[in-house]
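Asker: I am attaching a structure below and will ask some questions about it afterwards.
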Amino acid sequence: MSSKSIEIFCGTGGVGKTTVATARALFLASTGNKVLLITIDPAKRLKQVLNLSDSSHGEVTTISHNNFSIDSHGDNFTFDALMMSPSHTFKRLTEKNNRQADMDSYIMQILMRPNSGMNEIMSVIEVQHHLSEGKYDTIILDTPPGKHFIDFLANTKKIKLFFGKTFVDIFKLLRSDAKKRSNKSSILGSVVGAGIKKVLNHLEKFTGSSFVQDFVDTVDSLYSNREVFFDSFKFQDNLRDGELCTWFLVTSANQHKMTEAMDISKQAEGLLNNRKYVVINSCLSEYLDDWDTGDDPEMQKFKSTMQVRENEVKEFTKGKFSGTFELPQILEQSPIEQVVALAKYWQKDAHKREESKADD
Amino acid sequence: MGSPNHRLYIFTGKGGVGKTTLSLAFAKYLLNDKKKVLYNAFDQEEPTTLCKSQGIPSFKLDLKKSAEVYLGHKLNSPILAAGIVRTPFFVSLLQVLPGLGHLIMLGHIFYQLKSDPDLYIVMDSPPSGHALTMFESPRTFKDIFKSGLLVKDIEAMLNFILDDAILKTTVVSLPTEMALQEGIELADSLKSYPLKNVSLIINNLIKINSKINDAHSSDLPPFLEKIINMQEEVVSSSPVRIDTTIPYIISNDTSDIVNSLTPFMEELS
């Protein structure tokens, strides 16, 4: 395990995960940290925030300092970004194992399409690959909203189950049987236990005649690339390591879904560690405090509704995390301007912490 | 009010845009019109307390149960189906292929609507990226299985989804650049499916809240003016047509918000 750290940004939908994660990445890059920002959200909002092209899907792209009006430490500015693409990850891993022919399996091709649902499982492999390579000081992960993040974290368990001992033996049997057989229907001859025989037997009645054969070939192909899937088991261990992994629950001052947010936090902690921070984004308290509503009851109601909600969010999260970051609502239209403003906030915050350390 | 034009209403969009509150408000609108409605949250967590307090009937989709029922029909044996669904292999397969689960759940919804011609279903769909996986799951597995009885069933489901009279999909977005862009991309993907009846709406527009609209501009603080102007700019410079705009509701009570949104739902039917 060579990369120095990984920071994960999670939370319910629409709170600003992508913007905050990008701002954090920009801030770290501005301090001379070599950063890789990965988004595993299939909605790929990062593309819009950083002005990435469609052709950069699945490829690590270098982001130039010129995109941002922010100071950085001398010439050391490394900010790379990656939008996850399951087919790119799969291609890379077949090339690594010299099994390019596996790419030809039509079932694998279909499953590796962007919307076939393999995004989260392949993300585990992709992120672990970058962690192992150790090219960056910090890897930042922008995750899908809500419980989809928890599904992503639980993927190591699913991979383990699928490649578990019972299946491994059966896949071996299926492969050796496949080589021996002359007649397709005898494939299922000697496979027992784990229900594969049961499922495939009945499946043959309902699918095209060549499907079961193709299915067995696909399983064979997955099995041949299993080492890479096993590598991903390290991923779980890396995330549990509090020295390596820090995570941020991003919530918003106008968050309605506090219960869901805290639920995600609880489940995440079980799968990660307790090196956790909360980011309360889009805070309006300073603006609200300055707002003189006079006697207007509607304006009073508006002001107090917003204040009450923001205070509730702050109360709810108090004392439950190692630290809190309250980020102000940025009154800028463009996502990049928002990112720069938030990155400057992190810079100011870092200064303050250093100054208070110096005073100690 | 005339009869609703469709039978399955799906609310989709970026996380946090208001899919749940809008789908509940819409279900309520149908209920007020004495229609038989069920709210469904697909594979998301159902807001049960809210449904109950609003009197909105709902149903949950249990993946294993749905698979068991379907297989039971196909194999003409519920016992065999139960056996298959419990095998470690099947369980593991469902976990590793979320699209398969989506297909099974969509199938269940389709079956409900087919067997009850008076029923309307309002679905609160997963967020954008995951919604696309859900919508594409029939095609994904049709391409995988290629032919046979399963494909025939999938084709029936696809015809149903693509039927002009059945499905209406509302893509919900917000008056911000990020949200609107995601809404536009999602709506485009769905239209190229080719889903008919895909509309794009913007939720939480502060300016069209009647209380704000009535306020004199001198009553509004500068930060709020700025936010309102930014929102208006997003709407007016939108590269595509916005079908409906829904006002921001000033309340911290979700039930209150659902009630306040119901009068705006007719446009979405």
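The values are calculated or read from the model by the stated rules, or taken from the named source; none is laboratory data. Keep in mind that this is a model prediction, so the values were computed, not measured. Counting neighbours? That spans all protein chains shown, and the Cβs are built from the backbone with ideal geometry, glycine included.
Asker: Output the number of residues of region A:217-262 satisfying the condition of being of a type in the set (Lys, Arg), over 17 Å from the mean Cα position of the chain (by Cα) and under 27 Å from A:His130 (Cβ atoms). Don't jump to the end; show me each part of the working.
Answerer: Going through region A:217-262, the residues of a type in the set (Lys, Arg) turn out to be A:226, A:234, A:240, A:257.
Keeping just the survivors that are over 17 Å from the mean Cα position of the chain (by Cα) gives A:226, A:257.
Among the residues that remain, those that are also under 27 Å from A:His130 (Cβ atoms) are: A:226.
Result for region A:217-262: 1.
Asker: Restricting region B:223-255 to residues that are under 21 Å from B:Thr20 (Cβ atoms) and not in a loop (DSSP other than H, G, I, E, B), which is farthest from the other protein chains (Cβ to nearest Cβ)?
Answerer: Among them, the one singled out is B:Thr244.
Asker: What residue, among those in region B:200-218 that are in a loop (DSSP other than H, G, I, E, B) and either over 29 Å from the mean Cα position of the chain (by Cα) or not hydrophobic (A, V, I, L, M, F, W, C) (or both), is farthest from B:Thr20 (Cα to Cα)?
Answerer: By that ranking, first place goes to B:His216.
Asker: Also, I was wondering about something else. Please state which one of B:Ser210, B:Ser192, B:Ser218, B:Ser236 is in contact with a strand residue (DSSP E or B) (Cβ under 9 Å, 6 or more places away or on another chain) and either at pLDDT 95 or above or polar (S, T, N, Q) (or both). Steps first, answer last, please.
Answerer: Working: B:Ser192 fails: in contact with a strand residue (DSSP E or B) (Cβ under 9 Å, 6 or more places away or on another chain); B:Ser218 fails: in contact with a strand residue (DSSP E or B) (Cβ under 9 Å, 6 or more places away or on another chain); B:Ser236 fails: in contact with a strand residue (DSSP E or B) (Cβ under 9 Å, 6 or more places away or on another chain).
Sole residue among the options that is in contact with a strand residue (DSSP E or B) (Cβ under 9 Å, 6 or more places away or on another chain) and either at pLDDT 95 or above or polar (S, T, N, Q) (or both): B:Ser210.
Asker: Looking only at region B:166-200, count how many residues are within 27 Å of B:Lys226 (Cα to Cα) and touching a residue at least 60 places away in the same chain (Cβ under 8 Å).
Answerer: 9
Asker: To continue, here is another question. Go through region B:39-84 and report how many residues are in contact with a strand residue (DSSP E or B) (Cβ under 7 Å, 6 or more places away or on another chain), within 24 Å of B:Thr133 (Cβ to Cβ) and surrounded by fewer than 16 Cβ atoms within 10 Å (Cβ to Cβ).
Answerer: Selection size over region B:39-84: 1.
Asker: Would you point out the residue of region A:1-13, among those that are buried (at least 24 other Cβ atoms within 10 Å of the Cβ) and outside any strand (DSSP E or B), that is farthest from the other protein chains (Cβ to nearest Cβ)?
Answerer: Result: A:Gly11.
Asker: Wholly within region B:85-199, which helices (runs of 4 or more DSSP H) include no fewer than the required count, namely at least 2 residues that are buried (at least 17 other Cβ atoms within 10 Å of the Cβ) and away from every other protein chain (no Cβ under 14 Å)? Even if it seems obvious, please write down each step before you answer.
Answerer: Numbers: elements: B:88-96, B:98-115, B:128-145, B:149-162, B:177-191.
Of the helices (runs of 4 or more DSSP H) lying wholly inside region B:85-199, those with at least 2 residues that are buried (at least 17 other Cβ atoms within 10 Å of the Cβ) and away from every other protein chain (no Cβ under 14 Å) span B:98-115, B:149-162.
Asker: Any idea which of (1) more than 10 Å from every other protein chain (Cβ to nearest Cβ); (2) modelled with pLDDT of 95 or more is the one A:Phe316 doesn't satisfy?
Answerer: Going through the list (1) more than 10 Å from every other protein chain (Cβ to nearest Cβ); (2) modelled with pLDDT of 95 or more, A:Phe316 breaks only (2).
Asker: Assess whether B:Phe26 counts as being under 19 Å from the mean Cα position of the chain (by Cα) and either crowded, with 19+ Cβ neighbours inside 10 Å or within 26 Å of B:Asp256 (Cβ to Cβ) (or both).
Answerer: yes
Asker: Which of the residues belonging to region A:110-162 are part of a helix (DSSP H, G or I), acidic (Asp, Glu) and over 24 Å from B:Glu45 (Cα atoms)?
Answerer: A:Glu126, A:Glu133, listed by residue number.
Asker: Can you tell me which residue among B:Leu71, B:Leu38, B:Leu80 is farther than 30 Å from B:Gly148 by Cβ and not in a loop (DSSP other than H, G, I, E, B)?
Answerer: Only one candidate qualifies: B:Leu38.
Asker: Out of the residues in region A:35-66 that are away from chain B (no Cβ under 14 Å) and more than 21 Å from A:Glu7 (Cβ to Cβ), state the one that is surrounded by the most Cβ atoms within 10 Å (Cβ to Cβ).
Answerer: In this case the residue turns out to be A:Gly58.
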